[in-house]
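What follows is a single structure, written as C-alpha cells, with notes after it.
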Amino acid sequence: MCNQHTNTTPTRVLSVAKAKAPFETTTIERRALRPDDVLIDIKFSGICHSDIHSAFDEWGGGMFPMVPGHEIAGVVEAVGSNVTKYAVGDHVGVGCFVDSCGECEYCLAGDEQYCTKGVVQTYNSLDYDGEQTYGGYSQKIVVKEGFVVRIPDALEMDVASPLLCAGITTYSPLKHWNVGPGKKVAIVGMGGLGHVAIQFAHAMGAEVTVLSRSTNKESEALSFGADHYFATSNEETFKELAGRFDVILNTVSANLDVDAYLSLLRIDGTLVNVGAPAEPDQYSVFSLIMGRRSIAGSLVGGIKETQEMLDFAAEHKIAPQIEVINASQVDEAYERVLKSDVRYRFVIDVATL
Ligand code: NAP
Ligand code: ZN
C-alpha cells in the first residue's frame, strides 16, 4: 500500500443537509485503507429512485447530512496490503451494501443483503464501528474487497453503473422465481429498474409483457426485448390479460391496485414486489386464495450474484439506456424522475463534481 493512503482521503461529495434540501458540494474524509480495503476513484454514479425516497426521508430513519448513491462504477486507485482480487487500474463497481457479518447462514449462502446482523448499506447506514456511511455521489469511496465487483471489459463504466442496483434488483428475483423458457412474465413500470428487467427477462428466454401506464414507451419496450406491451390506463388491459402470467415483477415506486394485478396471475403465480412505496399496499386475501397465488418481495442481490449478473449483461449485450448529467443537475434530475421524465436512468459524471 502506498504511503499516501495510510491517511484518510479527502473527497468531494454531493450531500443534502436535511430531507428535501437541495444538493450542495461538501468534503468528507474517506477512511485510511485497512488491509482488506480498496480505494475507488468513482467515475459514474447512477441515480436510483431509492436515492430519492431516502434523501426525501420518505421511508423514515434518514441520516443527515446524506450522500446518496449505490450504483457506483470506478477505477481502483489503491489497495490494502491483504487485497488479492483487485489491482490499481481495475474497473470495479459497488452496489447497495458495503459490509455484512460474513458468518450467518444468509451471508454464507451468498445472500448478504439478508444478513441477520444487519447489512451495512452503502449510505444512510451505520457501519459496524458506528460510523455513518456515505454513498456514490462522491469522487472516491473506500470499500472492503469482498463487497467490490469487477466490471467486465465489454461494459462501458457509465452504462455499467445502473446495473449495480437496477440490474441486480431485477436479475435476482427473475432467477429466483425461475423466469425462463416457457414462462410468461410481466414487468410493471418501465423506469430505471423496469427497462433493465425487460432485457434480462428476454435474455433468460421468457415471454415478456410490459405493463406501463401509457402507450408512450411502447416502441422502446419492444426494442429492449418485450414481446407484448399494454397500457394499464386502458381498462380493457386487465380483462384481456386475466390469468395470463406466471410471474409479475412490480418495479413501481407508488402503490398499485394490488387485486387488479393479482387477477393477471395464473394459478400458483407470484407477484414479486421490488418497487418500494412508503405507504402500505392493500389487497383482498381472496385474490390469493382463489388462485393459490403469492405476493413476494426481493431486496437487491448478493455479491456473487451481482458479479454473475454483470457477466451475464456483458455476454448478452444488456445495457441500461442512460442520460449522463453533471453534478450540478442532480436536483433537476430528481424532479424529472418523480415525473417519470427519464429515459431511463440518470448517471452522474463524477468528473464534474
Ligand atoms: P423509476 O425510474 O422512477 O421507475 C418507476 C416506474 O414506475 C416509472 O417509470 C413508471 O413507469 C412507474 N410509476 C411511477 N409512478 C407511478 C404511479 N403513481 N403509478 C403507477 N406507476 C408509476 O424508479 P426505479 O429507480 O426504477 O425504482 C423503482 C422502485 O424500486 C422505487 O420504489 C425504488 O425505491 C425501488 N427499489 C427497490 C429495490 C429493492 O431492492 N427492492 C432496489 C432498487 C429500487 P411507467 O411510466 O412505465 O408507468
Ligand atoms: Zn437502488
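The GluC sites (Glu not before Pro) found in segment 1-105 that occupy coil by DSSP, while having at most 13 further C-beta atoms within 10 Å, are Glu103. Taking the C-alpha atoms only, the angle from helix 166-176 to the longest principal axis of the chain is near 50 degrees.
Calculated mean residue ellipticity at 222 nm for the chain: -6000 deg cm²/dmol, from DSSP H runs with n ≥ 4 weighted as -39500 (n - 2.57), summed, divided by the residue count and rounded to 500. Applied to segment 80-86, the Karplus parametrisation 6.51 cos²θ - 1.76 cosθ + 1.60 on θ = phi - 60° returns per-residue 3J(HN,Hα) values of x, 5, 9, 6, 10, 7, 10 Hz, with x for Gly and Pro. Taking only the C-alpha atoms of segment 163-295, the Rg (one decimal) and the largest Cα-Cα distance, Dmax (whole number), read 13.4, 38 Å. Volume per residue for segment 232-353 equals 164 cubic angstrom (convex hull of Cα atoms).
Report the calculated FRET efficiency for Arg292 and Glu240 (r = Cβ-Cβ distance, R0 = 22 Å), to the nearest 0.05.
Details: r = 23 Å, r/R0 = 1.03.
Efficiency at R0 = 22 Å is approximately 0.45.
Give me the angle, in degrees from 0 to 90, between the Cα long axis of helix 192-203 and the longest principal axis of the Cα atoms of the chain, rounded to the nearest 10. That helix lies at roughly 70 degrees to the long axis. The alpha-carbon of Lys183 sits under 16 angstrom from the alpha-carbons of these lysines, leaving out residues fewer than 8 places away in its chain: Lys175. Checking the Cα-Cα distances for Lys20/Lys140; Lys117/Lys144; Lys18/Lys140; Lys43/Lys217; Lys184/Lys217 against a 27 Å cut-off, the pairs over it are Lys43/Lys217. Relative contact order for the chain: 17 percent, from Cα pairs under 8 Å spaced at least 6 residues apart, divided by residue count. Charge dipole of segment 80-176 (Cα centre as origin; +1 on each Lys and Arg Cβ, -1 on each Asp and Glu Cβ, all else neutral): 120 debye, rounded to the nearest 20. Working from the Cα coordinates of the chain, the gyration tensor eigenvalues give, after taking √(5λ), semi-axes of 35, 21, 19 Å in decreasing order. Quick check: the angle from helix 303-315's long axis to the longest principal axis of the chain, C-alpha only, nearest 10 degrees? Helix 303-315 and the main axis of the chain meet at about 70 degrees. Segment 64-105 and segment 280-311 have Cα centres spaced 27 Å apart.
Rule-based calculations on the coordinates, nothing more; no lab input. It should be emphasised that the depicted structure is a prediction, and the values quoted were computed from it without experimental measurement. All Cβ positions, glycine included, derive from the backbone under ideal geometry; neighbour counts span all protein chains shown.
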